[in-house]
Amino acid sequence: MEQEAQSIGTLEFTSPINMEGTWGQRNLAEKAKSKMELFFYTDNTGYIEWDVSELDIYETIGLTFAIDPKGKRTLTDYDGVMTLPDQAMDLLEKHGVDCKEMRQSLED
């Protein structure tokens, strides 16, 4: 039986939108409205649905967490985008996920 994800919260923002690949990056818009919705599964995974409707872009960002004995989640990995947007980590932190190490590793 497939487990169902629980919607945890959303974040709406305006930002530049870039397309990234192994070839580099290309700007698609200087300012575009985005909406991210965070989902958790009951295990150590979850995902973010990222919708940029005015550019007809939809991405799913897979998330993996370490969960301590008290239930605190720490982001350990992501998948689906080349670089995890700051806004995704803002959304995660807003809902109690520790992203400190991930932010540091992306800055390096």
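The values are calculated or read from the model by the stated rules, or taken from the named source; none is laboratory data. None of these values were measured; they are calculated from a predicted model. Counting neighbours? That spans all protein chains shown, and the Cβs are built from the backbone with ideal geometry, glycine included.
Worth a mention:
- Restricting the range 3-51 to residues that are among the hydroxyl-bearing types (Ser, Thr, Tyr) and touching a Phe, Trp or Tyr at 6+ places or on another chain (Cβ under 8 Å), the residue that is farthest from ILE67 (Cα to Cα) is SER34.
- Qualifying residues in the range 21-31 (those that are exposed (fewer than 14 other Cβ atoms within 10 Å of the Cβ) and either under 25 Å from ASP98 (Cα atoms) or hydrophobic (A, V, I, L, M, F, W, C) (or both)) - the one modelled with the highest pLDDT: LEU28
- Any pair with Cβ under 9 angstrom, 6 or more apart, that starts in the range 67-91 at a residue that is without any contact (Cβ under 8 Å) to a residue 60 or more places away in the chain and on the phi > 0 side of the Ramachandran plot and ends at one that is in a strand (DSSP E or B) and among the hydrophobic types (A, V, I, L, M, F, W, C): GLY80/ILE48; GLY80/TRP50; GLY80/ILE61
- The range 68-97, subset touching an Asp or Glu at 6+ places or on another chain (Cβ under 9 Å) and surrounded by 13 or more Cβ atoms within 10 Å (Cβ to Cβ), residue nearest to THR10 (Cα to Cα): LEU91
- Residue match in the range 38-58 (condition: of a type in the set (A, V, I, L, M, F, W, C), surrounded by fewer than 16 Cβ atoms within 10 Å (Cβ to Cβ) and free of Cβ contacts under 8 Å to residues at least 24 places away in the same chain): no
- Which numbered condition THR83 misses (of (1) in contact with a strand residue (DSSP E or B) (Cβ under 7 Å, 6 or more places away or on another chain); (2) closer than 20 Å to GLN3 by Cβ; (3) modelled with pLDDT under 95; (4) of a type in the set (Ser, Thr, Tyr)): (2)
- Single residue of SER34, SER15 found to be of a type outside the set (A, V, I, L, M, F, W, C), buried (at least 17 other Cβ atoms within 10 Å of the Cβ) and within 15 Å of GLN87 (Cβ to Cβ): SER34
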